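Below you'll find the structure, written out as structure tokens, and then a few comments.
What follows is calculated from the coordinates using simple rules that are stated; it is not laboratory data. Values in this document were obtained by computation on a predicted structure and should not be read as measured data. When we count neighbours, we look across all protein chains shown, and the Cβ atoms used for this are built from the backbone with ideal geometry, even at glycine.
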Ligand code: KMH
Ligand code: ZN
């Protein structure tokens, strides 16, 4: 009997992000060498895509300074063939020109592209901690109840033009609610993005759709209707929803994202020791379910990427 082929699953690992702060976990990397090391270890564990933000190496505060990215990108490229994905959503306080500056300089294979404007708040997290490692952390979290994460149609068109057309970068389309799928459909109908588009369904951000399985099924069904066979999808569950939703995504035929940007935990009440620990865990879970982890080369073919020889770092 012919052996049935197992399905390849792209694991994205989001290494440090802009939501958690250093007080919350000693494992959260913010020095360039720690970001690079954890990224490489996550790739060795099975992550085909590394979603990267930068931080100030001394304070751990979120940074969109291209120079901070360039401190770790070359080291990552030297040590792994995993796909580098640079965030364009690293700050709610800066212009789109500033947010895209790291990607303009580094010209990676992939970038994030947030598909709608929204509330994006971490303020409830501030009540969980008393002693802060750095002064910036508490006000940063508390003030997020007044932030609007701005991603207008004009902003999206700007990123499409500058990074998509300008650098042949493929996007991780971050969709935090069902309306964002319709925004993407509108943009595709106006010729902005070439299929297959890669959609990250995001659940559990305060301001976006909640982390319920019903919502995942609803997002998937809506995307099937809107995009048919012209899309690939992945799931990001924030906080405690991370591993459960990622496992369900894999069993439903999708891809998944883990990493300390999205959750600091490895199980209920236990901090993860590293990004790689989360990648190893989800890998074990989905391999038990008959899925196979996509290599970077396989992920490049699935996503139609320009290749690592065409980046500028
Ligand atoms: N922090 C995630 C919920 C971005 O970097 O552009 C979404 C994200 C956005 O990763
Ligand atoms: Zn991110």
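Numerical summary
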{"quantity": "Gain in span if fully extended, residue 218 to residue 93, counting 0.36 nm per residue against the direct Cα distance", "calculated": "41.8 nm"}
{"quantity": "Cα-derived Rg to Rh of the chain, Kirkwood definition", "calculated": "0.93"}
{"quantity": "Stokes-Einstein translational diffusion, the range 1-160 - Kirkwood Rh over all Cα pairs, 1.002 mPa s, 20 °C, in µm²/s", "calculated": "127"}
{"quantity": "Square roots of five times the Cα gyration tensor eigenvalues for the range 48-124, Å", "calculated": "22, 15, 12"}
{"quantity": "DSSP-defined antiparallel bridges as percent of all bridges, the chain, nearest 5", "calculated": "20"}
{"quantity": "Gyration tensor (alpha-carbon) shape descriptor, the range 123-270, a/c threshold 1.5", "calculated": "oblate"}
{"quantity": "Mean ellipticity per residue at 222 nm, deg cm²/dmol - from DSSP H runs of n ≥ 4 across the chain, formula -39500 (n - 2.57)", "calculated": "-10000 deg cm²/dmol"}
{"quantity": "Cβ-derived FRET efficiency at R0 51 Å, residue 306 paired with residue 136, nearest 0.05", "calculated": "0.90"}
{"quantity": "Centroid-to-centroid separation of the range 25-78 and the range 268-301 [C-alpha atoms, Å]", "calculated": "18"}
{"quantity": "Cα gyration tensor shape for the range 137-223, rounded if a/c is under 1.5, else prolate or oblate", "calculated": "oblate"}
{"quantity": "Segments 83-94, 11-22 sorted - mean Cβ within 10 Å per residue, highest first", "calculated": "11-22, 83-94"}
{"quantity": "Per-peptide average of other Cβ atoms within 10 Å, ordering 243-251, 266-274 highest first", "calculated": "243-251, 266-274"}
{"quantity": "Rounded to 5, the percent of DSSP beta bridges in the range 171-313 classed as antiparallel", "calculated": "10"}
